[in-house]
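Structure, as structure tokens:
What follows is calculated from the coordinates using simple rules that are stated; it is not laboratory data. What you see is a predicted model, and the numbers here were worked out from it, not measured in a lab. Cβ atoms come from the backbone with ideal geometry, glycine included; neighbour counts cover every protein chain shown.
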Ligand SMILES: C[S@@+](CC[C@H](N)C(=O)[O-])C[C@H]1O[C@@H](n2cnc3c(N)ncnc32)[C@H](O)[C@@H]1O
């Protein structure tokens, strides 16, 4: 299958320089992250995506009240751009566990851990659906643009909530309307590419619009939903509970 390198560049209400599209040969196995090959170009793309969504992500992190000394999980960390932000917040008294199933991305995290001298980051190659986490070993967790790619998002969330201490917080950022992204001036091929990616993710068991279902999935996983944020409009099914305080809590940002 051919994919363009600009596929996932976020365009929402921002003007972004888009590199000339390059056609790449992509080999896929079932369940595999859609934007292979995971090389420097993909790392650069994720860094750009991180910058584009920095304000929204910082808002979510603030709302989750992550703080110095916390033990946090970055679920599906990619090359670690969000991991550093978390590591700066928790500091050497805390810890960040980055779980990611790409060996190349974990290597990138580990190189940066060394370069930035942040030994309180631990990074492991793992499938987030099957990785064993100790009960009550986490104060918080964050998951950004990961559930959309995996068949078994419920399994991944169940494992995280099992590992959160009572009252611990999970923050999730996923899209509700993946295909709403568009170019101006309009580009028919851009739309076709987004349709193709949406369909491709679905064919591999994912759901690019999973954001709207995340509250229900968190509810099933035993969380109390404390906040929903839709920064660019959109809608998510709000599942709310009058909090007993004993369940893990959740903040979600369907986008
Ligand atoms: C769009 S990237 C997002 C990376 C990072 N969360 C961020 O916000 O920059 C999606 C990541 O999820 C990872 N991923 C997908 N399925 C996974 C799984 N089953 N277990 C662990 N990581 C997975 C991919 O390898 C990829 O790094």
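Here are the numbers for the structure shown:
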{"read-out": "Relative contact order (%) - the range 52-254, alpha-carbon pairs under 8 angstrom, separation at least six", "value": "19 percent"}
{"read-out": "Rounded, prolate or oblate (a/c below 1.5 giving rounded, otherwise prolate when a/b exceeds b/c) for the range 42-147 by Cα gyration tensor", "value": "rounded"}
{"read-out": "Distant alpha-carbon pairs in the range 52-254 (separation over 24 angstrom), percent", "value": "40 percent"}
{"read-out": "Relative exposure of 148, 63, 169, 118, judged by other C-beta atoms within 10 Å (fewest first)", "value": "63, 118, 148, 169"}
